[in-house]
1. Select from the range 117-142 the residues that are of a type in the set (A, V, I, L, M, F, W, C) and open to solvent by 10 Å² or more (accessible area, probe 1.4 Å) and write down the one among them that is nearest to Leu167 (Cα to Cα).
2. Can we say Ala179 is more than 23 Å from Ile84 (Cβ to Cβ) and modelled with pLDDT of 95 or more?
3. Which one of these is away from the ligand (no atom under 16 Å from the Cβ), closer than 22 Å to Tyr189 by Cα and β-branched (Val, Ile, Thr): Thr287, Thr296?
4. How about the range 72-115: which of its residues are assigned to a loop (DSSP other than H, G, I, E, B) and either surrounded by 22 or more Cβ atoms within 10 Å (Cβ to Cβ) or touching a Gly at 6+ places or on another chain (Cβ under 7 Å) (or both)?
5. Among the helices (runs of 4 or more DSSP H) lying completely within the range 173-272, list those that include at least 2 residues that are more than 13 Å from the ligand (Cβ to nearest atom).
6. Which is in contact with a Ser or Thr (Cβ under 6 Å, 6 or more places away or on another chain), under 29 Å from Glu95 (Cβ atoms), among the β-branched types (Val, Ile, Thr) and part of a helix (DSSP H, G or I), of Val147, Val141?
7. For the range 45-66, state whether one or more residues are open to solvent by 20 Å² or more (accessible area, probe 1.4 Å), among the aliphatic types (A, V, I, L, M) and farther than 28 Å from Val267 by Cα.
8. Within the range 159-198, which residues are open to solvent by 30 Å² or more (accessible area, probe 1.4 Å) and closer than 13 Å to Glu133 by Cα?
Amino acid sequence: MRRMVAETRVHPADLILPAFVREGIDQPVPIEAMPGVVQHTRETLKKAAVEAVEAGVSGIMLFGVPEDAKKDAAGTVGTDPDGILQVAIRDVRAEVGDDLVIMSDLCLDEYTDHGHCGVLDADGRVDNDATLERYAEMAQVQADAGVHVVGPSGMMDGQVGVIRDALDQTGHEDVSILAYTAKYSSAFYGPFREAVGSSLKGDRKTYQQDPANVRESMRELALDLEEGADMVMVKPAGPYLDILAKVAESVDVPVSAYQISGEYAMVEAAAEKGWIERDKAILETLTGIKRAGASTILTYWAVEAARALR
Ligand code: PBG
């Protein structure tokens, strides 16, 4: 009867798998702080995409990890048509076609030698408007490579509008934008920075949001929608369910929540110690995120959870 009257259900199609692909490796490299998650080779990424399709997952979000020597201040490989992310988009698109919604992280932090999400000005501060020009180029090369949805995650002001224009002007009117709308400056991104081999020394407080703020997120939301966001995201998920509920109540576009690396690591670490029941805890976190109002959830457990939910 509980099953019959359940108010919330998580469906495999609600789930999106974030995946890392690293240049110059011939075996997948495990990410220490995310047991079970790897940096893929081009070959194993294709296999992971096929597995996701078979499990019923609806989307994949791709992150590129270039060779360290290729990082520079402008994040040049992020806009190189032969850069690792663009190559991976083409691989996955050739492998699974339209069976999976192929999404890509649109941000410079994986490619800059200073690790920031944008380019810097003469004083070493992130230069918002110069960064927008780089994002416009990134949108075009990612779309040229065959991505269905770009996910701008750098939190620069005006990024959605600039990317929409760039896509429209280059014949990519059908490529959608999943805007990272309420992205908080969070301590829970720690394991991700290992996953992408981040070079960041400082923090992202000048462009990501203060965990104390709600109204600020609602303002970011209004701006993103006005600029043409097709879907919006709240990130992290677990510690920000109130934000998620509020966003979901106030918009008529699909709302995503990103269950991030630190949320994953906490459950895995406690389970490894035998302190919580891993499988139940995972489904409980996903149910909570869905109950709060998410239409889709980005989670590193996507494939495993989809199989359990079928
Ligand atoms: C930035 C980006 C980050 C994540 C996704 N995109 C890291 C950051 O802002 O430092 C974090 C995802 C996670 O922690 O799982 N390109």
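The values are calculated or read from the model by the stated rules, or taken from the named source; none is laboratory data. Note that the structure is a prediction, hence the values are computed from the model and not measured. For neighbour counting, all protein chains shown are included, and Cβ atoms are generated from backbone atoms with ideal geometry for every residue, glycine included. Protein only, heavy atoms only, side chains kept; ligands, DNA and RNA dropped before computing areas. Shrake-Rupley method; radii C 1.70, N 1.55, O 1.52, S 1.80 Å.
1. Only one residue fits best here, namely Ala136.
2. Working: more than 23 Å from Ile84 (Cβ to Cβ): yes; modelled with pLDDT of 95 or more: yes.
Taking the combined requirement at face value, the residue satisfies it.
3. Thr287
4. Gly75, Gly83, Leu100, Cys107, Leu108, Asp109, Glu110, Tyr111
5. 215-227, 241-250, 261-272
6. Details: Val147 fails: part of a helix (DSSP H, G or I).
Answer to the selection: Val141.
7. Let us first name the residues in the range 45-66 that are open to solvent by 20 Å² or more (accessible area, probe 1.4 Å), namely 46-47, 50-51, 53-54, 56, 58.
Filter again for among the aliphatic types (A, V, I, L, M), leaving 50, 53.
From what is left, the residues that are farther than 28 Å from Val267 by Cα are none.
No, that holds for no residue.
8. Answer for the range 159-198, where residues must be open to solvent by 30 Å² or more (accessible area, probe 1.4 Å) and closer than 13 Å to Glu133 by Cα: Val162, Arg164, Asp165.
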